[in-house]
Each structure stands twice: as C-alpha cells, then as structure tokens.
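Read the structure below first, then the notes.
The values are calculated or read from the model by the stated rules, or taken from the named source; none is laboratory data. For clarity, every value in this text was computed on a predicted model and none was experimentally measured. Here the Cβ is made from the backbone with ideal geometry for all residues, glycine too, and neighbour counts use every protein chain on show.
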Amino acid sequence: MTRETTQQQAASVWAKSDPFVGDVEHWLPLWQHLDDAADVAGMLWDEWLAPSIRSAVAASMPSEGDARRLAVWLAASHDLGKASPAFAVQGRELCADMEHLGLPVGPMVRQDRAKLRHEIASGAILDRWLGRYTSLPPHRRDQLTCIVGGHHGSYPSAVAVSSAPIEQSSLFGTGAWIAVQDLLANRVAARTGITGDWLDWSTLQLPQQVQMILTGLVVMADWIASDSDLFPLYPYGCVPDLPDPVGDTPSARSLAAWSRLAIRAPWQPLAPPTAVGEFFADRFPAAAGPVRPVQEESARLAAELTEPGLIVIEAPMGEGKTEAAMLAAETMAATFGLTGCYWALPTQATSNAMFERMLGWLEQLPDPQGTGSQSVALVHGKAALNETYTGLPFARATGTVRPEDPPDRKTAAVHEWFRGRKRSILADFVTGTIDTVLFAALVSRHMMLRHLGLAGCSKSAPRVRG
C-alpha cells in the first residue's frame, strides 16, 4: 500500500455528519476536527486560561511553552479513535465511501460497535504511538491516555485502553486501518511539535490535579470545535486533500470561529491599594461608615499570604463579613494569578441574595485593560427563575456595553457559551450553592469541568458565622 493511498483513505475518515441519521448532507473530515480542536486549545491556553492554571501544568514540564504544547497535542489527539470501523459504521454513506477506498468493515461491526467507544480507541492509538516513539513505560503512559480517553466525561480503565486493539480488533481495525491511524497520529504530533526526542519522556510525571485540568481543557476545546455554527461542515461529496502539518499557528478558519465565539479576556485583578480604607471605599461606595476592623484584618491577612490558603472569618451579624470576603478574594486573586471567583452558599435563596451583592462588587472592579464585560453565572437548579440573572445583558458576538456603564469599571454579562448545567462553572464570576464545589470530590461525569472552572478562581463561603 502506498503512502498516497493511505493519505486518500485518511482524508475520507469522517468525524461529524449532518444529519447523523439518514441521507448525509454535510460532513467534517476527522483531520479537520482534530486541527480545529488543537487550535481552540491553543487559543484557550493563550487567551482564557488563568495564569495559576498554566503555572500548575508547567510545574510538571520543562517550561510553560512545553506545557502548552502538551495541552494542544492532547486536544489534537482526542478523537483519533474515530478512525476505526466501530465509529465509521455509524454513517452508512460515509462508511461506504471509506470502504470503497480500501478500509474494510466486517459484517458484525454494526451489531457490536457499542463494545468499543471511540474515546477508548483514541487512548489505544495514543498508547501505541507513545510505545513506538517515546521511552514512557506502559504503566506511565496511562497518565496521558486517560486524558484522551476521558474527553467524554468519564475515565476509562488503563486495561480497557491497552487491550482494545487485541480484544476488539474487528472493531478497532487492522491492516489499512492501522496505517491510517498511524498517519493521523503522526500528523497531529508533527503539527503540534511533539517528537520522540521532544523531552525526556521517562521523567514525565503529571499529578492527578494536572491530568484533571488538562482533561477539562480538552473537553472544552472539543465542545467548542464541535459547534457547527463556529466551525462549518463541508458539503457531502467535497473531500479535501489531507494537508501537510504546518505548525500550531491557528488557521484562518479557527481564528474566524474564535472571533465569533467572543470569549472575553479573563479578569486581571490589580494589586489592591495598601490603604485598606481606600480599597474598601472604592469597592463599596454605598457602604455606610468607614471600613470595619474585621474587613481591615481580612484584607491584611490576604495580602500577607505567600501561597494559596484559607481565611475563616467569624463575626456577629452586621459586621460586614461579605465585604471582608470580597476584599480578601480580590487580594488573593491578584497575588496568585486567579481570574475569577466562586461564591458558594448553603441554599438557593442565599445564593440569589449573594448574586445581587456579587454583581454590585463586580461592577466596581477596575478595568484598566478595557476588556469590558466579564461572564457571570448563577448556578443552582432554579437559576432560570431569577429575574436579575435572566435580565442581564447577553453577550456573544460583540459583548454588551450599556451607555450608563463607566468606561473604567467592569460590567457583567451572560455569555452564551457559559450557559447550561455543565458549562456555567467555567464563567468568570459565579455564585451558586456549595454542592457545586463538593461534587468536584465525587466521581461523576464531567467532573473535570468543575475542576477546571474552580482551579482558576477564588472560592468564598462568606457566611461562616452570624
């Protein structure tokens, strides 16, 4: 089999179709979806991810540039398993086109395809690539394959990934299928700058925290790249040639999609004034009286922290614990490179009340970068009934600027992409019930998105006592 034949076969492998059932009208080649996801991951890293998160991943790598390259490569590899009979057979016409080019599908694949999910096949293809081109031993390769295998919200076992090519060979593919898988895996590695001698693979060790964050980033990149309004599908019958990898510079297609998505630059908190009274007066101009002792002490303690920590505020009712928590949260965000806040309350009613106060504080935050609105979310089961939340400006394509908004202060807006039960936690400023934080400790679907959302923000439960 010639390389040209394998390239033609790889170009025909599909990732998405519209409609999914019935006669195909539009489709997307797998290589294009992998390129799109890689570009999105790179732009999320550069323009959205909190500095604290980038630093956490970089701590496990030789440099932050290497950490970025790793994240983009994993996003580019997330759907390699769609180059398999088990996935291809779901599209009758598209699968027939692939068979015509020499990618056979056995008679029992359609009946058995559910036995091999494509995310597990993706992990197996990556595992094979790592075994061939790197010095990572088998028991260490799963720290990377679990990220790819977990991009649908739950982590497969290492055994399920490593055994898939053997135990499910008819579903995984043999012969020409293996050649296509290898070509696509080598292509995403070349496009993202990953080579066998890129780093000392034998020393690569990603803590579980980093694995969780990287999985959340891959999930987020996949979801954005799967939005056909941002990344249009091709007309059925149009089969572009497989392009050569040209580095990790985002394509014009991806840049246009990112512009339409319009995720605003994250909050970049300024170092607060050293005079706590001035700090308090600027953030709470409507407050009655000067800064209280508990507020001053909270801000002072937060400014003295040299590493992330916990501040517990206990005071009688009416002493201004909420304002104290806000001053401390902003100070800690500036110190540790955080880009948002999560306000955790015990009930929906207290969450609604805190949401109002959070908006008041948010719209007093300085905006020297001129980024304008920051995304906000109210996270609990009845958030859609909260008139303040539903009445906020709606931002996507250009954001929303109200004539009455001061030009040097932040404004709040609800961004379309950060709506919904699983995405709201990723907004910049979030108020919700404490269970949203606690669920991050449970093994639940898409828990990696909770970790990604919470990793870059200050957390506050301001009503500790009183």
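Observations on the model:
- Some residue of the range 158-181 being within 30 Å of W258 (Cα to Cα) and either among the acidic types (D, E) or in a loop (DSSP other than H, G, I, E, B) (or both): no
This table checks each residue for (1) outside any loop (DSSP other than H, G, I, E, B); (2) more than 30 Å from E416 (Cβ to Cβ).
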site	(1), (2)
A265	no, no
A271	no, yes
F279	yes, yes
P285	no, yes
P290	no, yes
V294	yes, yes
R300	yes, yes
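- Test: residue in the range 309-323 that is crowded, with 18+ Cβ neighbours inside 10 Å, acidic (D, E), closer than 24 Å to A344 by Cα and in contact (Cβ under 8 Å) with a residue 40 or more places away in the chain: yes
- Within the range 107-126, residues that are without any contact (Cβ under 8 Å) to a residue 40 or more places away in the chain reach partners that are among the acidic types (D, E) with beta carbons closer than 7 Å, at six or more positions or on different chains, in the pairs H118/D79.
- Residue within the range 98-113 that is in contact with a His (Cβ under 9 Å, 6 or more places away or on another chain), in the same structural domain as G237 (by TED's automatic domain parsing) and assigned to a helix (DSSP H, G or I) present: no
- Single residue of the range 196-250 satisfying the filter (assigned to a loop (DSSP other than H, G, I, E, B) and of a type in the set (D, E, K, R)) that is surrounded by the most Cβ atoms within 10 Å (Cβ to Cβ): D248
- Residue within the range 137-144 that is over 26 Å from the mean Cα position of the chain (by Cα), surrounded by fewer than 21 Cβ atoms within 10 Å (Cβ to Cβ), touching a residue at least 24 places away in the same chain (Cβ under 8 Å) and part of a loop (DSSP other than H, G, I, E, B) present: yes
- Test for F172: is it touching a strand residue (DSSP E or B) at 6+ places or on another chain (Cβ under 8 Å) and crowded, with 17+ Cβ neighbours inside 10 Å: no
- Looking only at the range 366-382, and only at residues there that are surrounded by 20 or more Cβ atoms within 10 Å (Cβ to Cβ) and out of contact with any helix residue (DSSP H, G or I) (no Cβ under 6 Å at 6 or more places or on another chain), the one that is nearest to I434 (Cα to Cα): V376
- Residue selected from the range 419-460 under the condition hydroxyl-bearing (S, T, Y) and in contact (Cβ under 8 Å) with a residue 24 or more places away in the chain, by the criterion nearest to A349 (Cα to Cα): T433
- Residue count for the range 70-96, restricted to those that are touching a helix residue (DSSP H, G or I) at 6+ places or on another chain (Cβ under 9 Å) and in a helix (DSSP H, G or I): 17
- Among all residues of the range 411-418, there is at least one that is within 17 Å of T371 (Cα to Cα), crowded, with 23+ Cβ neighbours inside 10 Å and touching a residue at least 60 places away in the same chain (Cβ under 8 Å).
- Exactly one residue among E330, E319, E356, E323 is out of contact with any Leu (no Cβ under 6 Å at 6 or more places or on another chain) and not in a helix (DSSP H, G or I), and that residue is E319.
- Taken together, the residues in the range 4-50 that are of a type in the set (D, E, K, R), surrounded by fewer than 23 Cβ atoms within 10 Å (Cβ to Cβ) and touching a residue at least 60 places away in the same chain (Cβ under 8 Å) amount to 5.
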